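Report on the structure given below.
None of the figures in this text is laboratory data; all of them are computed from the coordinates on show. Treat the numbers as computed from the prediction; the structure is a model and nothing was measured. Cβ: placed from backbone, ideal geometry, glycine included. Neighbour counts: every protein chain shown.
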């Protein structure tokens, strides 16, 4: 480890991250060690580099806008083996499906989620809110002003990512919010005025595939 990384401030940062239950923002670390934020971030980068070089099984990762200790990705097989012995509570398949829709299409309403999934999702949305993975983030324009939902910092923390841009590129596999609205309208009314909508085309394509 370099002389720069071995400084008292580096040890202090390690100590704080070791006891923290949530990712610690760099601004708070900078305040604690009385250093500029940029210097703290460089110090953390140097620490993480030293862990890699020395072959440690842990890293300092930037997650949800803050820093925390986490296991080295190369040790995932051992971590999974350990986790499997703990029998942690798991989200149901409907909950995971709903969470994926919210993650990739946020902000979305319950009606839009139901249109994508093809089933009422009110109970699942309520459960995900109780778990702290999603939350209301605003209201839609237009009649009714439906509540719109988005993911939380806890969601980012559990996935081990810094922001939504780190999600795998799967959004193109789901219809857009506009398409979801059209699908919902078609399901409710059976038809739309004028030219066939994108939602109608999607439904028709599904029917054609089944025939």
With a 10 Å Cβ neighbour count serving as the proxy for reagent exposure, in which order, fewest first, do 46, 22 appear?
-> 22, 46
Which three extents, in whole angstrom, do the alpha-carbon atoms of region 21-60 cover along their principal axes, largest first?
-> 30, 23, 11
May I ask for log10 I(q)/I(0) of region 1-114 at q = 0.11, 0.12, 0.14, 0.23 Å⁻¹, from a Debye sum over the Cα atoms as equal point scatterers with solvent left out?
-> -0.54, -0.61, -0.76, -1.20
Can you list, bin by bin at 5 Å, the percent of alpha carbon pairs in region 68-120, starting at 0?
-> 4, 16, 18, 12, 13, 14, 12, 11, 0
Segments 146-155, 109-118, 68-77 sorted - mean Cβ within 10 Å per residue, highest first = 109-118, 146-155, 68-77
From fewest to most C-beta neighbours within 10 Å, the residues 16, 108, 125, 24 line up as 16, 24, 125, 108
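Using packing as a proxy for protection, rank 99-107, 136-144 so that the peptide with the highest average count of other Cβ atoms within 10 Å comes first. Let's see the in-between values first.
Values: 99-107: 19.8, 136-144: 11.2.
Listed from highest to lowest mean packing, they are 99-107, 136-144.
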Stokes-Einstein D in µm²/s, Kirkwood radius over Cα pairs - region 52-147 at 20 °C with 1.002 mPa s viscosity = 131
